[in-house]
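The values are calculated or read from the model by the stated rules, or taken from the named source; none is laboratory data. Predicted model only: the values in this text are computed from it and were never measured. Cβ atoms come from the backbone with ideal geometry, glycine included; neighbour counts cover every protein chain shown.
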Amino acid sequence: MREITVWQAGHQDLTSSRNVAEVFGKEHKNVLRDIEELLPNLDNEFRSLNFELSEYTSGEGNFQKVYREYLLTKDGFTLLAMGFTGKRALQFKVAYIQAFNQLLYDRMAQAEIDSKINQTLNQLIDRQEAMHDHMQDAMESIESELKKAKRYIGKANANMQMIQFHGHSSHNYRQEIHSLADSLGAYCQQHNRMNPAMALESPKPRKSRRRG
């Protein structure tokens, strides 16, 4: 028995009248005759969906010739094969139906795999967008805190310079600055644990020295 050949073309699974003739051990002209005896008895929609007239070439060089053949869907093949009798014919019919079914199963399995891949990709995109939004919010929060700290430190330094100019102690203002730096460092350390990729170096607290 010749190998059964079925293939997918667009949304249809097809075989050819030539392959049917080879598998069932018939002459192709006789299979063409059987098909063309069926066609007048079919409605136009069924005929156009399941039997497509095509051509193929055979021979070499100047001896090539063009021949007719029909492309058959599973339904077209089934209708044609109803007229084929005998024990071996029944085996061939079953083998064709199994081949058509396998194409369908493969397509369904591939569709399921594609669906899972798309679902996974969409989940990854959603996570990436959520992470981007979270890190953007964190950066904006850090920038806001840094601006506040710079303003406070600048104001405190100005006050210290004024106090030192008048000869008074600046110890209390130094303590306030160092306390603010410690708070900012703790905030940065907490953010570093949440976002290691954006780790910031926290300022280290300094020991305050009393003026004698």
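Here are the numbers:
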{"quantity": "Entirely in the range 1-88, the helices (runs of 4 or more DSSP H) that have 2 or more residues that are in contact with a Phe, Trp or Tyr (Cβ under 9 Å, 6 or more places away or on another chain)", "calculated": "17-24, 28-38, 74-81"}
{"quantity": "Options Leu104, Leu90; residue that is hydrophobic (A, V, I, L, M, F, W, C), closer than 25 Å to Ala9 by Cα and surrounded by 11 or more Cβ atoms within 10 Å (Cβ to Cβ)", "calculated": "Leu104"}
{"quantity": "The range 59-76, subset within 14 Å of Ala21 (Cα to Cα) and in contact with a helix residue (DSSP H, G or I) (Cβ under 6 Å, 6 or more places away or on another chain), residue surrounded by the most Cβ atoms within 10 Å (Cβ to Cβ)", "calculated": "Tyr70"}
{"quantity": "Cross-chain or 6+ apart pairs with Cβ under 8 Å, the range 84-112 first and of a type in the set (Val, Ile, Thr), then modelled with pLDDT of 90 or more and part of a helix (DSSP H, G or I)", "calculated": "Ile97/Lys74; Ile97/Thr78"}
{"quantity": "Given (1) of a type in the set (S, T, N, Q); (2) crowded, with 17+ Cβ neighbours inside 10 Å; (3) farther than 19 Å from Gln8 by Cα, number of the condition Asn50 does not satisfy", "calculated": "(3)"}
{"quantity": "Pairs with Cβ under 9 Å, 6+ apart, first in the range 1-16 and under 12 Å from Lys74 (Cα atoms) and modelled with pLDDT of 90 or more, second outside any strand (DSSP E or B) and among the hydroxyl-bearing types (Ser, Thr, Tyr)", "calculated": "Val6/Tyr96; Gln12/Thr73; Asp13/Thr73; Leu14/Thr73; Thr15/Thr5; Thr15/Thr73; Thr15/Tyr96; Ser16/Thr5"}
